[in-house]
Amino acid sequence: MKRWHRISMLAAVALAGCGDDFVQPADGADTAADDAGTTDDAPTPDDGTTTDDAAPADDGGGDDGAGPGNDPCSGNEYTPTTPTTERGASPGTASSEQRAAAEYVSDIRNLIGMNPIDFIAAINQAAQAHSDYCSSSSAHCPGWHDEVPGDDGFTGAQFWERMAAAGYTGSPAFEVMAPAGSAQFAIDMWMATVYHRTPFVTPEIHETGYGSGSSYTTMDFGCCGPAADLVLNYPVHGQTGVATSWGGNEGPTPPAPPGGFPSGPVLTIAFPSLSGVHVTAHEIFGPSCAAVAHVSGGADITPNPGFQTDFLRNTVVLYPNAPLSSGTTYTVNLEYTRSSTPGHRTFSFTTQ
């Protein structure tokens with residue numbers, strides 16, 4: 001019998017397993033998603049970037065001869081991402097806002113070089129019903145992701161039950177929520193965070209749905225579809241307009257830098273699987289190859305203080321200890337062994 005591992009949080013991610021056996025935690029924490037995202041009271045949109053679904057990106061090794069030269073700081077070849085163009089399907093019953101969400105998520109996955117994600121009518125229905133339920137009375141869902149049997153609009157206590165009730169026959173995996181706003185507003189909030197970003201950059205997540213009520217927005221995700229054996233990163237190499245900071249108010253709260261939040265922007269490297277992955281070096285360089293102190297977590301990485309690694313799935317995250325300078329180019333270098341084979345992701349980005 002499948003057991004689910006999930007947590008409730010404001011504007012948050014509720015995690016469930018994707019084809020694995022998961023344990024239900026004792027309770028959930030009502031917290032907020034980042035100030036690039038949502039808060040208990042007044043959300044502010046992140047100044048994060050747009051992003052862009054399934055075709056070969058780089059394999060992380062930097063040895064395919066297609067790189068744009070070597071990083072002078074690490075000495076490694078840059079590992080650019082190959083954008084993709086395939087768009088996921090969207091049902092004819094989708095609302096204009098659901099279609100906008102489908103387009104924007106496709107843009108994100110295209111830019112990252114990922115496989116497409118399909119918007120499914122049943123998941124749209126489940127997400128919309130839950131957004132409407134929460135919007136009808138905030139007392140209905142103090143933990144955001146839960147519903148109470150007998151309440152008007154009740155469709156299931158937990159998100160996987162709501163997805164099944166709407167007719168979804170796949171494997172429920174994640175739910176994220178935010179205060180109401182446009183699809184781009186909500187997705188930008190989620191993409192700016194440590195944990196909420198996970199379903200968007202996980203290749204095996206291949207089905208989703210979106211719903212927005214008067215006060216709440218919900219996205220539910222299903223898995224597990226085929227995914228190319230690629231190592232990917234976000235931001236991508238050469239990306240511009242990247243946010244200089246991140247407020248850190250996400251639940252569960254990721255580890256704070258030594259001086260507290262705000263930190264620099266969240267940087268994610270996603271592996272198809274963490275099986276056999278060992279991170280051997282993680283570096284961020286600023287101008288003149290100056291080292292940028294940062295927090296690191298996920299995968300087999302040291303130090304890894306206080307991260308909820310279940311919610312990172314197959315990703316490594318880094319974020320600078322302090323906000324970055326505007327209009328400045330930075331380089332990330334992650335070195336690892338994967339099944340004893342050395343590899344790296346080396347990419348640069350420029351802040352707003």
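The values are calculated or read from the model by the stated rules, or taken from the named source; none is laboratory data. Remember, it's a predicted structure, so these values are computed and weren't measured experimentally. Heads up, the Cβs are rebuilt from the backbone with ideal geometry, glycines too, and the neighbour counts pull from every protein chain shown. We work out accessible area using only protein heavy atoms, side chains counted, and drop any ligands, DNA or RNA first. Shrake-Rupley method; radii C 1.70, N 1.55, O 1.52, S 1.80 Å.
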Using only the Cα atoms of the range 127-184, what semi-axes does the equivalent ellipsoid have when each is the square root of 5 times a gyration tensor eigenvalue? Give whole Å, largest first. 18, 15, 9
VAL277 accessible area, assembled protein chains, probe 1.4 Å, Å²: 10
Calculate the radius of gyration of the Cα atoms of the range 107-204 to one decimal place, then report Dmax, the largest Cα-Cα distance, as a whole number, both in Å. 14.1, 44
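Can you give the direction-averaged projected area of the convex hull of the alpha-carbon atoms in the range 136-284, in nm²? Write down the numbers at each step before the final one.
Numbers: hull surface 45.2 nm².
Quarter of the Cα hull surface area: 11.3 nm².
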The range 272-332 versus the range 190-231: alpha-carbon centroid distance in Å: 21
Once both label points are put 7 Å beyond Cα along the C-beta direction, the ASP229-ALA157 separation in nm becomes 4.2
Pop out the carbon and sulfur fraction of the accessible area of the range 207-352 as a percent, whole number, probe 1.4 Å. 50
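Which whole-number value in Å² is the accessible area per residue of the range 222-352, probe 1.4 Å?
Details: 4610 Å² over 131 residues.
With the other protein chains kept in place, the range 222-352 gives 35 Å² per residue.
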Centroid-to-centroid separation of the range 99-125 and the range 232-251 [C-alpha atoms, Å]: 20
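How large is Rg over Rh for the range 210-313, taking Rg from the Cα atoms and Rh as the Kirkwood inverse mean of 1/r across Cα pairs? Don't jump to the answer; show the numbers that get you there.
Working: Rg = 16.2 Å, Rh = 16.5 Å.
We get a ratio of 0.98 for the range 210-313.
For SER214 and ASN70 in the same chain, what is the full-extension length gain: residue separation times 0.36 nm, less their Cα-Cα distance, in nm? Mind dumping the intermediate values first?
On the way: separation 144, 0.36 × 144 = 51.84 nm, distance 4.96 nm.
Difference between extended and current length: 46.9 nm.
What full-extension length gain, to one decimal in nm, is calculated for THR341 and ARG99 as 0.36 nm per residue of separation minus the Cα-Cα distance?
Numbers: separation 242, 0.36 × 242 = 87.12 nm, distance 4.15 nm.
Full extension of this stretch gives 83.0 nm more.
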